[in-house]
Amino acid sequence: MKTNVLTLDATSAGDIELSDAIFGLDPRGDILYRVVQWQLNRRHDGSKRTLQRGEINRTTKKMYKQKGTGGARHGAMSAPQFRGGGKAMAPVLRSRVTDLPKKVRVLGVKMALSSKAKAGELIVLDAAKSADGKTKAMAAKLNKLGLTDAIIVDGPQIDAMFERASRNIPNLDLLNVAGLNVYDVLRRDKLVLTKSAVAAIEERFK
């Protein structure tokens, strides 16, 4: 499939041929869901933990006699209702990481790219560079392109001045091609790829 190439000044810079095997697939919601869920599960480190009643280092001596006090009957200060006691139904160490075949993960990335291309939400830039690194000027250029909620994927090396100019713009993500993933592609309205990113993606998935 062929698509236009734009510059940051919203002018035409020719055309580029995109691989149908990567950008021309029919997206499947179940594949995209599985990959996104796999990514989100890996973000949970499962390290939150609170001491339970049996792990509290407090005396086990009976607080007061069993009957006759007019109050509730207790046997230890480690009970959850007391200050310093264990927590009832406390979080424990556990991992939420799930397994997903590599072929499904690769297919998910291709389908995420194809979904953006099919919806007309894919823009190819000639290059993502900035001469002065000024955020105000960069925001004006991106607004001219209609990029108010977008992710920009550059080649292996992101231009330092472009990164400086873009990092404080709200609703804008900037990744190199190695960090391309399904969740970040789908969470933004527009996907912007540079020509070097397209070449790297096609080389990666050829």
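Which ones in region 154-206 are of a type in the set (Lys, Arg), outside any loop (DSSP other than H, G, I, E, B), under 16 Å from the mean Cα position of the chain (by Cα) and crowded, with 17+ Cβ neighbours inside 10 Å?
Within region 154-206, 190 is the sole residue that qualifies.
Condition (residue is assigned to a strand (DSSP E or B), in the same structural domain as residue 29 (by TED's automatic domain parsing), of a type in the set (A, V, I, L, M, F, W, C) and within 20 Å of residue 7 (Cβ to Cβ)) applied to region 127-149: is it met by at least one residue?
No, there is no match, as no residue in region 127-149 is assigned to a strand (DSSP E or B), in the same structural domain as residue 29 (by TED's automatic domain parsing), of a type in the set (A, V, I, L, M, F, W, C) and within 20 Å of residue 7 (Cβ to Cβ).
Answer yes if at least one residue in region 120-142 is under 21 Å from the mean Cα position of the chain (by Cα), among the small types (Gly, Ala, Ser) and either closer than 28 Å to residue 35 by Cα or modelled with pLDDT of 95 or more (or both), and no otherwise.
no
So, in region 38-58, how many residues would count as being surrounded by 15 or more Cβ atoms within 10 Å (Cβ to Cβ) and farther than 30 Å from residue 182 by Cα?
3
For residue 75, indicate whether it is exposed (fewer than 12 other Cβ atoms within 10 Å of the Cβ), part of a loop (DSSP other than H, G, I, E, B) and not polar (S, T, N, Q).
Judged against the criteria, residue 75 is a match.
Which condition breaks for residue 113 when tested against (1) more than 38 Å from the chain's Cα centre (by Cα); (2) part of a helix (DSSP H, G or I)?
With (1) more than 38 Å from the chain's Cα centre (by Cα); (2) part of a helix (DSSP H, G or I) applied to residue 113, the lone miss is (1).
With the requirement that a residue be loosely packed, with under 11 Cβ neighbours inside 10 Å and free of Cβ contacts under 8 Å to residues at least 40 places away in the same chain, what does region 18-36 give you? Steps first, please.
In the first step, residues of region 18-36 are kept if they are loosely packed, with under 11 Cβ neighbours inside 10 Å; the result is 26, 29-30.
Answer for region 18-36, where residues must be loosely packed, with under 11 Cβ neighbours inside 10 Å and free of Cβ contacts under 8 Å to residues at least 40 places away in the same chain: 29, 30.
The values are calculated or read from the model by the stated rules, or taken from the named source; none is laboratory data. Note that the structure is a prediction, hence the values are computed from the model and not measured. Every residue, glycine as well, gets a Cβ built from its backbone with ideal geometry; the counts of neighbours run over all protein chains shown.
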